[in-house]
Amino acid sequence: MEASTALRRIAFLLERSQAATYRVKAFRTAADAVTAMEDGELANRVARGSLESVRGIGPRTAEVIRESMTGATPRYLERLEKEALEPLTQGGESLLATLRGDCHTHSDWSDGGSPIAEMGRAAAELGHEWTVLTDHSPRLTVANGLSPERLRRQLDVVAELNEQWAPFRLLTGIECDILSDGSLDQEPELLERLDVVVVSVHSKLRMGAAEMTKRLLAAVRDPHADVLGHCTGRLVGGRTRPQSEFDADEVFAACAEAGTAVEINCRPERLDPPRPLLRRAVAAGVLFSVDTDAHAPGQLDWQIYGCARAEECGVPADRVITSWTAVRLLEWTRGKTAG
């Protein structure tokens, strides 16, 4: 295993296990430093014992590099791989086996931590057939939301990557902010061009139930909306936040009528919607999208969290859009917009 590969694999496994960001960053930074070296430089530095003098390489990452250079699997990586054999949660395996993609991921173009190419490669390595890139929309400035001009540039980048990646496909998308009046935070012309549009509330989460219901109804009925993201906005881990109040039955009925899928958000600190609402969404007959909302490569492996909750709450596998082929998904999203 090449040193840079070992370092990136360690970073992936740390992200998967929800390790502190600074620990992950140390290994990704070291991997970048190794990749930037000229031919023969790494071996020379190992021989001279000068690895730690390279910016971005510390004692722990230098140890991984030296062990990689001997042809052995680094001991730290071996330990992490052994720990990764333990399931992240109980249940969900049957549904997970049917999934082909992920409709909600972020890159460093907005508030993600890794480049688009790295996110796409990680998704392909996990066995995904497709993944949707859904960076944030303009008004979410705290998350470096994409202006129309930046989003147009991103579409060109994705097109270039897809020329290299077949048969894996990175689909274009956005996590579009639902504004206070229920309108969507991006130019309609651009939303028309995207493969998948996830709509989510990120502001005024504590508005009254009647107002929030009206807001969500307008959003899920918008012909550009494909998936309602983390519908309650709650946070259950670390910095907690109560769920938004709205008429769930009315909103889910509107989703079923409009053909807007309800996201089962897999982030451990979200796990949204809560089980009681998830069961009500099942009863309403909606479609579902099991999404990681990943902001780093290792988080792309979190779909099992959503799958376990989906199975527990009786979500029918045939109503999960992330189990569809890319062709079927695009026929669905384009048909909704045209309709």
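The values are calculated or read from the model by the stated rules, or taken from the named source; none is laboratory data. The shown structure was predicted, so the numbers you read here are calculated from the model rather than taken from an experiment. We place every Cβ from the backbone using ideal geometry, glycine too, and count neighbours over all the protein chains shown. SASA here: full protein model, heavy atoms, side chains in, ligands and nucleic acids out. Shrake-Rupley method; radii C 1.70, N 1.55, O 1.52, S 1.80 Å.
Among 97-108, 30-41, sorting by the average number of other beta carbon atoms lying within 10 angstrom of each residue, highest first, gives 97-108, 30-41. About the centre of its Cα atoms, the chain shows a dipole size close to 800 debye [charges on the beta carbon of Lys, Arg (+1) and Asp, Glu (-1) only; nearest 20 debye].
Only four residue types carry charge here, +1 at the Cβ of Lys and Arg and -1 at the Cβ of Asp and Glu. Report the dipole size of region 217-339 about the Cα centre in Debye, rounded to the nearest 20.
Working: 14 positive and 17 negative charges, 30 e Å.
Charge dipole of region 217-339: 140 debye, to the nearest 20.
Sparsely packed loop sites in region 4-79 (the trypsin sites (Lys or Arg not before Pro) outside DSSP H, G, I, E and B with at most 10 other Cβ atoms within 10 Å) comprise Arg55.
Percent antiparallel among DSSP beta bridges with both residues in the chain, to the nearest 5?
Numbers: 3 of 24 bridges.
Approximately 10 percent, going by the DSSP bridge assignments.
Computed over neighbours whose Cβ is under 10 Å from that of Leu14, the net charge equals +4, Lys and Arg +1, Asp and Glu -1. The mean sequence separation of alpha-carbon pairs under 8 Å and at least six residues apart, normalised by the residue count of region 143-214, gives a relative contact order of 28 percent. Gyration tensor over the Cα atoms of region 180-339: the corresponding equivalent ellipsoid has semi-axes (square roots of 5 times the eigenvalues, largest first) of 21, 20, 16 Å.
The overall shape of region 1-157, judged from the alpha-carbon gyration tensor, is oblate: a/c is not under 1.5, and a/b is no greater than b/c. Between Arg334 and Glu93, full extension at 0.36 nm per residue minus the direct alpha carbon distance yields a gain of 83.7 nm. Per-atom-type breakdown for the chain gives carbon and sulfur 50% of the accessible area (1.4 Å probe, protein chains only). Charged neighbours of Gly91, selected by a Cβ distance under 10 Å, balance to -2 (K, R count +1; D, E count -1).
Within region 88-172, all pairs of alpha-carbon atoms sorted by distance into 10 Å bins from zero give the percentages 17, 46, 27, 10, 0. The solvent-accessible area of Lys82, taken with every protein chain present and a 1.4 Å probe, is close to 150 Å².
Given axes a ≥ b ≥ c from the Cα gyration tensor, I'd like to know whether region 82-136 is rounded (a/c under 1.5), prolate (a/b larger than b/c) or oblate. Don't jump to the answer; show the numbers that get you there.
Working: a/c = 2.11, a/b = 1.67, b/c = 1.27.
Taking the square roots of the gyration eigenvalues as a ≥ b ≥ c, region 82-136 is prolate.
Distance between the C-alpha centres of region 253-281 and region 122-158: 22 Å, rounded to the whole angstrom.
Considering only the other residues whose Cβ falls under 10 Å of the Cβ of Thr240, what net charge follows from Lys and Arg at +1 and Asp and Glu at -1? Intermediate results must be reported in sequence, preceding the final value.
Working: positive: Arg234, Arg239, Arg241; negative: Glu269.
Charge balance in the 10 Å sphere: +2.
Applying D = kT/(6 pi eta Rh) to region 3-69, where Rh is the Kirkwood radius over alpha-carbon pairs, T corresponds to 4 °C and eta to 1.567 mPa s, the Stokes-Einstein value obtained is 110 µm²/s.
Farthest toward the positive end of the dipole of the chain, out of Gly233, Ala261, Ala219, is the Cα of Gly233, where the dipole comes from beta carbon charges about the Cα centre.
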